[in-house]
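Comments concern the structure below.
No value in this document is a laboratory result; all are computed from the given coordinates. In this text the structure is predicted, and so the values were computed from the model without any measurement. Heads up, the Cβs are rebuilt from the backbone with ideal geometry, glycines too, and the neighbour counts pull from every protein chain shown.
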Ligand code: OGA
Ligand code: NI
């Protein structure tokens, strides 16, 4: 993909006072969509410790099954990532975005590169842009790390990210057998594909915008990978998921992960579990930060319906090499679930 470096939104807001919305960011149509109110809907909450308990009652895993099937989104509490690791990561990313522009630029994305500080999915000069800056880093397996784009400020950033990466990966690895069981699969049907699985971490910074209704923080999309763990860094909400034609705001519990199923999950399960579109809106007064950890199978795994699942049903998705799958995904702008459409048979 050709990624065209664009100026940081944070720097632009600092320069203009944030009251103006340049035309490349002006997207008033986004605020026309209906948004559900507080009492209408709330994503399910899953307690990980209860699921891991050898004496867990079947109702706990059934709740996870329903969350995957009916929502594609849930909040994971008691997820096992130590609170000091979460705290350290939050502080590191807040610290990074507060650094002077020249310091952040040292890890700026380069043309054709995803890693680093900048924007994602900028594919043309005239395309509309999201009201956010990102720091995107490949974290696992180790050969995918490009340390050239890992900030060395604030102090300990790299070490903190390593710890966070290991802990979130561990949570995902422990979730896999439970998900496999819910799908009536042997654990290995999933876990084998995640030996040497990939992980990328994207840290999102959404500056406040006085005319927030005229901008989009992160345009509607589904995630390409298998599972995403999103951590809300500060108290400002903004994530919304598409459900029954409306946008449902997510209200994260303190230190919970908001977990969502990506396109790879939908493909593996031949559509039993679906990836769900989501977006981020911007606050009028306060900046917002979030950290999304994306997880996918290893690069040798084929991306297609699991053979155990399609033994007795018609395949609804193509099977492609992981490399080709990623290339296809990265070649376009994220627009809703349009990428997944290309994988359908
Ligand atoms: C993402 C994402 C949501 C958020 O990075 O893919 O959906 O709350 N982030 O920032
Ligand atoms: Ni996403």
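What area, in nm² and to one decimal, does the C-alpha convex hull of the range 33-343 cast on average over all directions? Mind dumping the intermediate values first?
On the way: hull surface 64.3 nm².
Approximately 16.1 nm², given one-decimal rounding.
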So the FRET efficiency between residue 127 and residue 158, C-beta based with R0 = 41 Å and rounded to 0.05, is 0.80
Say we join alpha carbon atoms closer than 10 Å with springs in a Gaussian network model of the chain; which of 312, 65, 295 then has the biggest fluctuation?
312
How far apart, in nanometres, would the label points at residue 42 and residue 85 be if each is projected 7 angstrom from Cα along the Cα-to-Cβ direction?
2.8 nm
Quick check on packing: order 215-224, 50-59, 26-35 by the mean number of other C-beta atoms within 10 Å, highest mean leading.
215-224, 26-35, 50-59
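Once every DSSP H run of n ≥ 4 in the chain is given -39500 (n - 2.57) and the sum is divided by its residues, what mean residue ellipticity at 222 nm do you get, rounded to the nearest 500 deg cm²/dmol?
Values: 10 runs with 93 residues, N = 345.
Mean residue ellipticity, 222 nm, calculated: -7500 deg cm²/dmol.
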Order of 23, 8, 255 under a 10 Å beta carbon neighbour criterion, fewest first:
23, 255, 8
Just to be sure I understand the model, the point goes 7 Å from the Cα along the line to the Cβ. What's the resulting residue 327 to residue 33 distance in nm?
3.1 nm
Within a Gaussian network of the chain (alpha carbon springs, distance under 10 Å), most fluctuating of 89, 299, 203
299
FRET efficiency, 1/(1 + (r/R0)^6) with R0 41 Å, evaluated for residue 302 and residue 53 via beta carbons:
0.75
Please give the Cα centre distance for the range 10-76 versus the range 147-182, rounded to the nearest Å.
20 Å
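If r is the Cβ-Cβ distance from residue 315 to residue 15 and R0 is 56 Å, what FRET efficiency results, to the nearest 0.05? Please report the intermediate quantities before stating the final value.
Numbers: r = 52 Å, r/R0 = 0.93.
Computed FRET efficiency for residue 315 and residue 15: 0.60.
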131, 247 arranged by Cβ crowding within 10 Å, fewest neighbours leading:
247, 131
Residues of the range 145-169 with backbone nitrogen within less than 19 Å of a virtual label 7 Å along the Cα-to-Cβ line of residue 98, please, listed as ranges.
151-161
Could you pull the Rg and Dmax for the range 206-345, using just the Cα atoms, both in Å?
16.5, 54
Rank these for me by crowding, 322, 300, going from fewest to most other beta carbons within 10 Å.
300, 322
Contact order relative to length for the range 33-343, counting C-alpha pairs under 8 Å separated by 6 or more residues, stands in percent at 22 percent
